[in-house]
1. Kindly check whether there is at least one residue in segment 178-200 that is in contact with a strand residue (DSSP E or B) (Cβ under 8 Å, 6 or more places away or on another chain), modelled with pLDDT under 95 and among the small types (Gly, Ala, Ser).
2. Conditions: (1) more than 17 Å from VAL140 (Cα to Cα); (2) surrounded by fewer than 22 Cβ atoms within 10 Å (Cβ to Cβ); (3) of a type in the set (Gly, Ala, Ser). ALA218 meets all but one. Number of the miss?
3. How about segment 225-274: which of its residues are β-branched (Val, Ile, Thr) and closer than 25 Å to LEU150 by Cα?
4. One residue is enough: does segment 146-166 have a residue meeting the conditions crowded, with 23+ Cβ neighbours inside 10 Å and not in a loop (DSSP other than H, G, I, E, B)?
Amino acid sequence: MSTKHFALLGTAAIGLSLIVAGCSSKNADATISPAAGVIESTAPSGQLDNSSATLSSPVTSTSVATATPAIESVLPGSTEPTPITTTQLSEQPTTKSTLKPTAKPTTKPTAKPPTAPSGEAITVIAKPADMQVLVNKKRVLPSNYVPTDLVEPKVRFPYEEKLEKRKMRKEAATALERMFKGAEKDGIILYAVSGYRSYQTQKALYNNYVNKDGEQAASRYSAKPGMSEHQTGLAMDVSSKSANYQLTQSFGTTAEGKWLSKHSWEYGFIIRYLQTTEDITGYMYEPWHVRFIGAAIAREVFEQGVTLEEYYGVAVPVAG
Ligand SMILES: [Zn+2]
């Protein structure tokens, strides 16, 4: 479905070589940015986690997965992170296909790109403003990237404060408004909890966690700056009254979570992190995190039951 190719560019000026992996015809981010000084090559890979900042007590020892979103978990009227204990995982929102859209590339770069400790390359995204941008642990946003068209969608929020995180890029905000209205017609009341998050906000969050729990622990539940999809302004964390406005995996079992899983593609959104795909996306199941990608791709991703990484045919999973 796509032409896989690797391109290796040496950027002598900054002493870095970068690799572009997994570019497909559908992925417009096929070139490397010379502004690569922001590469997060010092980031220990495999650690940061979801684009959603998560809570300070990352994982329990029980067999039940624990979603612990922090900064995003805001009770009505509160701006403070709220610890969450999660309940049983829900059924998978979409059926995951074992078929991958593309085969792995057979060619490899001839020179070694900078690598994370795991040995995998990290790419600085060349076109962060692209609506179809792929952000994950291996593909990071430039630190200076701020969307120019952030607006506040006219939807319900479980808090009154006018915070940065209410915002999304205009097209995504309009689509979110349509989706919330569509849900309401089905008797489903959704709440927007956390959208845009700046590089600096994510950095501060992550550093707070590092100070509190140490880097190794923090990196298991909080995304490093540049690696959060929320910086694109195309993601929104959604919850419901039935989930106490929390960002928790049990949201996936609510009527609202099920509706979101079933219908979000109709409005150009995908559930970005599915159950059992952490080894591919690098992030745990987040039934609350929707990403605007446009109607055509959202539909295909949904119908194929794949992750965005698989859809784009990214060769190197971001496991870890
Ligand atoms: Zn999120």
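The values are calculated or read from the model by the stated rules, or taken from the named source; none is laboratory data. Remember, it's a predicted structure, so these values are computed and weren't measured experimentally. Every residue, glycine as well, gets a Cβ built from its backbone with ideal geometry; the counts of neighbours run over all protein chains shown.
1. no
2. (2)
3. THR232, VAL238, ILE270, ILE271
4. yes
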